[in-house]
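See structure below.
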Amino acid sequence: MSTIRILAPTVANQIAAGEVVERPAAVIKELLENSLDAGARRVTVDFSRGGKAQMSVEDDGKGMTGDEALLSLERHATSKIQVAADLDRIATFGFRGEALPSIASVARFTMQTRPSSAPAGTEIAVNGGQLIHRRDHGMAPGTRIEITNLFHPVPARLKFLKSDETEAAHIVRLVRLYAIAHPEVGFLLREDGREIFRSPGDAPLLDRVREIWGRQVAEEVAIMPVFERPGLRLSGLLGKPGVSRGTRQDLVTVVNGRPVDSRTMAFALTESYHTLIPKGRYPLAFVFLEIDPRGST
Ligand code: ADP
Ligand code: MG
């Protein structure tokens, strides 16, 4: 007999996690976006075994009080919108208030956080959605969130994870994209404590490409002339004629600070090279489009 009932919060969160958290890189993405939304200037990302063993994101953003930290783990708890009308002017990455409770319901989750106004921070530990402890924690202002035992509370999902190498590649690509998209923020990415890259905050784009994407790529691109129209600005770096790739790996498009995988922009860029690169190959590009979110008429 079927009896209708409301799902327990942990179960609801684990179901929501099915959408929010498909793989380790998706966890890092949510944490990174929260750090950026919190106004971080420095972000450090660590992971090990493709994120399966451990992942952490540490920032120097605005932090949370102990009560806010506890609240942030409740479903639909967000500081970013209050009424539906706010949806028309969203400037933050997040707003649904689902990421933290979802992640905390499918892993072991430890958050340490401190706003600069408070003398000390708070540590909250959760395992599979169950609160383990909340205590004071001495730390500098900012937030650090560490995830271990990803998907251990929902073992069926463990088998969908790919090899450590594949999951690691997704993480590295994601952090590279966010680091390129956010010139005002310094990023440090480490795997097993070894530095993969460190992006200088506030450096010219070409220097950042060199640090984040590597020396070779930096030598293969040139600064493009800035293109401007009312409500629209296009700038960045383009591959030198003759340089091409078999994949879109080095074709990076950023719209209003968000790395986007835009087929339209990739197509437009590839077409622009016309005969300069062989058919079926892709150009290199780091292109930034700033466009008025209210649309232009
Ligand atoms: P959303 O980002 O959609 O609001 P999240 O579940 O990702 O939802 O986060 C919930 C809330 O927790 C955020 O609205 C924010 O107030 C707070 N928060 C999360 N991460 C951080 C962080 N790194 N620094 C400061 N506040 C944070
Ligand atoms: Mg968020």
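Report yes if residue 107 is within 8 Å of ligand 1 (Cβ to nearest atom), surrounded by 19 or more Cβ atoms within 10 Å (Cβ to Cβ) and closer than 21 Å to residue 149 by Cα, otherwise no. Steps first, answer last, please.
On the way: within 8 Å of ligand 1 (Cβ to nearest atom): no; surrounded by 19 or more Cβ atoms within 10 Å (Cβ to Cβ): yes; closer than 21 Å to residue 149 by Cα: yes.
Criteria not met by residue 107.
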If I filter segment 34-67 down to residues being crowded, with 23+ Cβ neighbours inside 10 Å and within 16 Å of residue 177 (Cα to Cα), which single residue comes out as farthest from ligand 1 (Cβ to nearest atom)? 45
Are any residues in segment 176-211 under 17 Å from residue 248 (Cα atoms) and buried (at least 21 other Cβ atoms within 10 Å of the Cβ), and if so, which ones? 176, 178, 180, 209
Among the residues listed as 102, 116, the single one being more than 14 Å from residue 76 (Cα to Cα) and within 12 Å of ligand 1 (Cβ to nearest atom): 116
Evaluation of residue 42 against (1) more than 14 Å from ligand 2 (Cβ to nearest atom); (2) among the basic types (Lys, Arg); (3) under 22 Å from residue 293 (Cβ atoms) (one fails), failing number: (3)
Starting from segment 55-73, keep only residues that are farther than 18 Å from residue 147 by Cα, then list their pairs with residues that are open to solvent by 90 Å² or more (accessible area, probe 1.4 Å) and more than 15 Å from ligand 2 (Cβ to nearest atom) whose Cβ atoms are within a distance under 6 Å, requiring at least 6 positions of separation or different chains. 60/41; 60/42
Give the residues of segment 63-100 that are under 14 Å from residue 122 (Cβ atoms) and either away from ligand 2 (no atom under 13 Å from the Cβ) or of a type in the set (Phe, Trp, Tyr) (or both), sorted by residue number. 63, 65, 66, 67, 68, 69, 70, 71
Take the residues in segment 15-33 that are part of a helix (DSSP H, G or I) and open to solvent by 50 Å² or more (accessible area, probe 1.4 Å), then tell me which one is farthest from residue 130 (Cα to Cα). 29
Kindly check whether there is at least one residue in segment 63-84 that is modelled with pLDDT of 95 or more, assigned to a loop (DSSP other than H, G, I, E, B) and on the phi > 0 side of the Ramachandran plot. yes
Report whether or not residue 135 is more than 30 Å from residue 256 (Cβ to Cβ), surrounded by fewer than 17 Cβ atoms within 10 Å (Cβ to Cβ), of a type outside the set (A, V, I, L, M, F, W, C) and touching a Ser or Thr at 6+ places or on another chain (Cβ under 9 Å). yes
Please go through (1) in a helix (DSSP H, G or I); (2) within 23 Å of residue 178 (Cβ to Cβ) for residue 237 and return the number of the only condition it doesn't satisfy. (1)
Could you list all residues from segment 160-175 that are open to solvent by 60 Å² or more (accessible area, probe 1.4 Å) and under 11 Å from the mean Cα position of the chain (by Cα)? 173
Kindly indicate whether residue 129 is open to solvent by less than 60 Å² (accessible area, probe 1.4 Å), under 16 Å from the mean Cα position of the chain (by Cα) and either within 14 Å of ligand 2 (Cβ to nearest atom) or at pLDDT below 95 (or both). no
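The values are calculated or read from the model by the stated rules, or taken from the named source; none is laboratory data. A quick note: this is a predicted structure, and the numbers were derived from the prediction, not measured. Cβ sites come from the backbone with ideal geometry, for glycine too, and all protein chains shown count toward neighbours. When the accessible area is computed, the model is the full protein with side chains, heavy atoms only, and any ligands, DNA or RNA have been set aside. Shrake-Rupley method; radii C 1.70, N 1.55, O 1.52, S 1.80 Å.
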